[in-house]
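Before any comments, here is the structure.
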Amino acid sequence: PSIVMECVFCKREPESHNHLFFSCTFIQPIWKQLMTLCDFTWNSTSWQQTVEWATRIFHGKSLSSLVGKVSLSCMVYTIWLERNRREFSEDFRDTKTILSEILFLVRCRLSSLRKFKRTSANCHIQHSWPLQDDIFS
């Protein structure tokens with residue numbers, strides 16, 4: 001017999017990848033804030049939809065694509081860590097703290113980037129995150 005675990009975030013739905021990462025009412029505001037910061041419109045409800053969307057949107061090596069790729073990976077990583085923290089340590093953080101951790105991880109990764117052209121789009125990203133001027137060539 002399989003045991004269906006309830007979501008550690010909302011405590012209302014069975015835990016699944018789709019629910020945990022995309023449908024959970026606790027997680028959705030974090031996604032929306034992160035995607036707003038990235039200037040992306042995201043409205044996914046499943047892992048498959050998100051993979052297809054990210055593959056379509058985050059192609060190439062532009063600064064915008066790299067921000068999207070890094071943000072997505074940091075979001076998934078942090079949600080999984082938080083899930084395990086709640087499951088095994090009973091340590092609970094609020095959405096603001098979780099989002100702050102995601103933003104910190106993204107900024108750390110982006111701070112090592114170099115040699116982008118100084119375009120208005122890239123300057124907007126630099127200002128939004130905020131990144132140092134040395135990301136430009």
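The values are calculated or read from the model by the stated rules, or taken from the named source; none is laboratory data. Here the structure is a predicted model, which means the values were calculated and not measured. All Cβ positions, glycine included, derive from the backbone under ideal geometry; neighbour counts span all protein chains shown. Remember, those area values only see protein heavy atoms, side chains included, never the ligands or the DNA or RNA. Shrake-Rupley method; radii C 1.70, N 1.55, O 1.52, S 1.80 Å.
Would you be so kind as to identify which of Cys38, Cys10, Ser23 lies farthest towards the positive end of the dipole of region 1-108, taking Lys and Arg as +1 and Asp and Glu as -1 on Cβ and the Cα centre as origin? Farthest towards the positive pole: Cys38. Summarising the label geometry, the points placed 7 Å from Cα in the beta-carbon direction at Arg93 and Arg114 lie 3.0 nm from one another.
Looking at the chain, do any whole DSSP H helices span at least 27 angstrom along their long axis by alpha carbon and average -0.5 or above on Kyte-Doolittle, and which? Membrane-span-like by this criterion, though nothing is claimed about a membrane: 63-88.
For the peptides 8-19, 64-75, the ranking by packing is 64-75, 8-19, with the highest mean count of neighbouring Cβ atoms within 10 Å listed first.
Under the rule of -39500 (n - 2.57) per DSSP H run of 4 or more residues, summed and divided by the residues of the chain, what mean residue ellipticity at 222 nm is obtained, to the nearest 500 deg cm²/dmol? Could you put the intermediate results ahead of the total?
On the way: 5 runs with 72 residues, N = 137.
The per-residue figure over the chain is -17000 deg cm²/dmol.
Judged by the mean number of other Cβ atoms found within 10 Å, the most tightly packed of the peptides 26-37, 123-134 leads the ranking 26-37, 123-134. Distance between the modelled labels on Ile57 and Lys32, one decimal in nanometres: 1.5 nm (7 Å Cα→Cβ projection). Calculated FRET efficiency, Lys69 to Cys10, Cβ-Cβ distance, R0 = 41 Å: about 0.90 to the nearest 0.05. A Cβ-based charge dipole, computed about the Cα centre of the chain with Lys and Arg at +1 and Asp and Glu at -1, lands at about 600 debye. Counting heavy atoms of the protein chains alone, Arg56 has an accessible area of about 150 Å² for a 1.4 Å probe. Remark on Phe116: its backbone amide H falls under 5 Å from those of Phe136, Ser137, a criterion applied only to residues 5 or more positions apart or on other chains, H modelled at 1.01 Å from N.
Residue separation times 0.36 nm, minus the C-alpha to C-alpha distance between Gln48 and His17: what's the value?
Numbers: separation 31, 0.36 × 31 = 11.16 nm, distance 1.03 nm.
Full-extension gain reported as 10.1 nm.
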